[in-house]
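Notes for the one structure printed next.
The values are calculated or read from the model by the stated rules, or taken from the named source; none is laboratory data. Not measured: the values here are computed from a predicted model. As a convention, Cβ positions derive from the backbone with ideal geometry for all residues, glycine included, and neighbour counts pool all protein chains shown. Areas reflect the complete protein model, heavy atoms only, side chains present, ligands, DNA and RNA absent. Shrake-Rupley method; radii C 1.70, N 1.55, O 1.52, S 1.80 Å.
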Amino acid sequence: PPLTYEIHAGSDPGLAIREPSGEYVSVQDKTFVLAERIGKLSEQISPNLPAPQIYLNRGVEEDKELLYHRSDHYSFNLVEYPACLTIEDYSAEFNPKYHSRSDTSIDPEYAADIARAVAAAAWVTANL
C-alpha cells in the first residue's frame, strides 16, 4: 500500500487560549488550523508524501474509546498549547507489528518526509 500519514487534532471544547489582543480563542480551533497547515506544507516540502488523513477530535463526547486522552498531544492541549499528533498510518494493513516488541523497522525517507512537514509548520507558526 502507498505510504500515508495521519494527523489527529482537536481538544476538549472548553479549553481556550488568551491571545495577545486579550481575545480568547479555542484550543480546538487552533489545533485544526495547525493540522491544516501541516497538510498544506507537506505538499510543498515533501512532494512524495500523499496528503495526510486529518482526524478532528471534538472532545470526550465523540471520543468513546478515549483515544485523544491517551494521545501524545493531549498534555499540551491541557496547558493551552495547540498541538496535534502526526503519525504514520498505523493501521494493521500498514504495519501489523505496530506497538509490539517486533516493531523495529523504519523507512527513513518516509519518516524524514513527515518530519520535514512538521518542522516547516513549526517554523511557519513561530514566525506568524
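Annotations
- Within region 51-70, the residues that satisfy the criterion of being at pLDDT below 80, open to solvent by 20 Å² or more (accessible area, probe 1.4 Å) and of a type outside the set (Lys, Arg) are Asn57, Val60, Glu61, Glu62, Glu65, Leu66, Leu67, His69.
- Contact annotation: residue pairs with Cβ atoms under 6 Å, 6 or more positions apart or on different chains, pairing a residue in region 46-57 that is under 17 Å from Tyr68 (Cβ atoms) with a partner that is assigned to a strand (DSSP E or B) and at pLDDT below 85, are Leu56/Gly10; Asn57/Gly10.
- Counted residues, region 19-45 - those being in contact (Cβ under 8 Å) with a residue 40 or more places away in the chain and either among the hydrophobic types (A, V, I, L, M, F, W, C) or open to solvent by 90 Å² or more (accessible area, probe 1.4 Å) (or both): 8
- Contact map, region 105-122: residues that are touching a residue at least 40 places away in the same chain (Cβ under 8 Å) paired with residues that are open to solvent by less than 20 Å² (accessible area, probe 1.4 Å) and not polar (S, T, N, Q), Cβ distance under 7 Å, separation 6+ or inter-chain. Pairs shown: Asp113/Leu49; Ile114/Tyr5; Ile114/Leu49; Ala117/Ile38; Ala117/Leu49; Val118/Ile38; Ala121/Ile38.
- Test: residue in region 15-27 that is modelled with pLDDT under 90 and in a helix (DSSP H, G or I): yes
- Candidate set from region 1-14 (those that are among the hydroxyl-bearing types (Ser, Thr, Tyr) and outside any strand (DSSP E or B)); member that is farthest from Ala83 (Cα to Cα): Thr4
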